[in-house]
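All remarks here apply to the structure that follows.
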Amino acid sequence: MNFYWYISSQEVDMLHQNLAKNWWDSFPLKLNLKTPWFDLEGSNTDASVQTLKNLPKVIRKIEKKGDLKAFEDIGQEAPLFFGFQGAGIKLIEDDTVLVAVVRQHQVLLLTGATANLIGGKVETLRLQSSSNALVKSLKIAWNESGGIANGTVNQIVIELLRQASDHVFPVVKGIATFTSKLKTDESAFKKIKRPEIESIIVGSPLYIEQVAI
């Protein structure tokens, strides 16, 4: 049985409706990548039975299209979709879900809406009160013409890794849509003893599935 943390039902169902069409080159989410997770409505309920049936079909369609690059292998050419797997550091703040995954020299920061959370409870970090403003800054940055703020993303990832240092998190996998690739603040990452991390990939998850404890 699959154990999902998160399914973006709106995107999954939309993609499923267009499976028979050549939707790849005119993928609708390209028009709405900046704020797909803040625009969603709903409460913390499980995904519908139909969405759970649609998800495997959508995954097969994406994988059949070609090589699904892993986030740690993303270079200069930005993919539309990418895959990920690794220990998932999960944080919930108000209506926002953040999941960080570290592989090799890159960190993945997934940004989503609590309306898409499903399944049982897993260990979740809570930002310290002094750091709550970081998430608010991130949300504001998505709506600015200049796009997401490099400094804000660096601060959030650093805070997540710092607070997660004493925890063991389960392994997750999934597929996400690409938003941006940012350079890390080298000196700041040295302070948390993670100098090997060179860049941060930011994406919006289509789904997140727990595959190991």
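The values are calculated or read from the model by the stated rules, or taken from the named source; none is laboratory data. What you see is a predicted model, and the numbers here were worked out from it, not measured in a lab. Glycine gets a Cβ as well: all are built from the backbone with ideal geometry, and neighbour counts include every protein chain shown. Remember, those area values only see protein heavy atoms, side chains included, never the ligands or the DNA or RNA. Shrake-Rupley method; radii C 1.70, N 1.55, O 1.52, S 1.80 Å.
I need the full set of residues from the range 163-204 which are of a type in the set (Ser, Thr, Tyr) and over 18 Å from LYS90 (Cβ atoms), in order please.
Taking the range 163-204 first, the residues of a type in the set (Ser, Thr, Tyr) are 165, 177, 179-180, 184, 187, 199, 204.
Answer for the range 163-204, where residues must be of a type in the set (Ser, Thr, Tyr) and over 18 Å from LYS90 (Cβ atoms): THR177, THR179, SER180, THR184, SER187, SER199.
Would you call LEU138 open to solvent by less than 30 Å² (accessible area, probe 1.4 Å), under 29 Å from VAL12 (Cβ atoms) and at pLDDT below 85?
Details: open to solvent by less than 30 Å² (accessible area, probe 1.4 Å): yes; under 29 Å from VAL12 (Cβ atoms): yes; at pLDDT below 85: yes.
Against the criterion (open to solvent by less than 30 Å² (accessible area, probe 1.4 Å), under 29 Å from VAL12 (Cβ atoms) and at pLDDT below 85), LEU138 qualifies.
One line per residue, one yes/no per condition, for (1) modelled with pLDDT of 90 or more; (2) in a loop (DSSP other than H, G, I, E, B); (3) open to solvent by less than 50 Å² (accessible area, probe 1.4 Å); (4) closer than 27 Å to GLN155 by Cβ:
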site	(1), (2), (3), (4)
TYR6	yes, no, yes, yes
GLU11	no, no, yes, no
THR35	no, yes, yes, yes
GLN50	no, no, no, no
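Give me a count of the residues in the range 84-132 that are under 23 Å from ARG194 (Cα atoms), modelled with pLDDT of 85 or more and not hydrophobic (A, V, I, L, M, F, W, C).
9
Conditions: (1) open to solvent by 10 Å² or more (accessible area, probe 1.4 Å); (2) more than 12 Å from the chain's Cα centre (by Cα). LEU160 meets all but one. Number of the miss?
Single failed check for LEU160: (1).
Report yes if LEU91 is in contact (Cβ under 8 Å) with a residue 24 or more places away in the chain and more than 16 Å from the chain's Cα centre (by Cα), otherwise no.
Working: in contact (Cβ under 8 Å) with a residue 24 or more places away in the chain: yes; more than 16 Å from the chain's Cα centre (by Cα): no.
So LEU91 does not fit the description; no.
Does THR179 satisfy the condition of being open to solvent by 20 Å² or more (accessible area, probe 1.4 Å) and under 14 Å from the mean Cα position of the chain (by Cα)?
Details: open to solvent by 20 Å² or more (accessible area, probe 1.4 Å): yes; under 14 Å from the mean Cα position of the chain (by Cα): yes.
So THR179 fits the description; yes.
Are any of the residues in the range 193-206 surrounded by 12 or more Cβ atoms within 10 Å (Cβ to Cβ) and either more than 20 Å from PHE84 (Cβ to Cβ) or modelled with pLDDT under 80 (or both)?
Looking through the range 193-206, at least one residue is surrounded by 12 or more Cβ atoms within 10 Å (Cβ to Cβ) and either more than 20 Å from PHE84 (Cβ to Cβ) or modelled with pLDDT under 80 (or both).
For the list (1) at pLDDT below 90; (2) under 19 Å from ARG103 (Cα atoms), I need the number of the one condition that GLY151 fails.
Going through (1) at pLDDT below 90; (2) under 19 Å from ARG103 (Cα atoms) one by one, GLY151 breaks only (2).
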